[in-house]
Amino acid sequence: MAPTCLRCSVTLRTELSMRTDGDEGLLAGYRDITFHAPVHAGDVIEVTATLTGVGRRSRQGGVSRRCRLSAAPSRSAVSS
């Protein structure tokens, strides 16, 4: 599932670039990517992108993911 989560992160960073700069910016690289917990098929996740720094030719930001509803109720981060 990591490639799908990574693709989601890239999509959000592109959206952030479009909203702040008016066009799709390409990412030169990633400083750090850490997955703290697995995402399983059927999980509903909330993804948030944050712009934390703006330079003349660079942007810094973060993407966080949180499982809102798990396909297996015992794994869900949200209590009923």
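A short reminder: the numbers here are calculations on the coordinates, not readings from a lab. Remember, predicted model here, so these are calculated numbers, not experimental data. Heads up, the Cβs are rebuilt from the backbone with ideal geometry, glycines too, and the neighbour counts pull from every protein chain shown.
Below are the figures for this structure:
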read-out: Matching residues, the stretch 1-57, being more than 28 Å from residue 69 (Cα to Cα) and either acidic (Asp, Glu) or in a helix (DSSP H, G or I) (or both); value: 17, 18, 19, 20, 21, 23, 24
read-out: Positions within the stretch 23-71 being within 10 Å of the chain's Cα centre (by Cα) and charged (D, E, K, R), in sequence order; value: 46, 65, 66
read-out: Output for the stretch 40-60, where each listed residue is out of contact with any helix residue (DSSP H, G or I) (no Cβ under 6 Å at 6 or more places or on another chain) and either surrounded by 11 or more Cβ atoms within 10 Å (Cβ to Cβ) or hydroxyl-bearing (Ser, Thr, Tyr) (or both); value: 40, 43, 44, 45, 46, 48, 50, 52, 54, 58, 59, 60
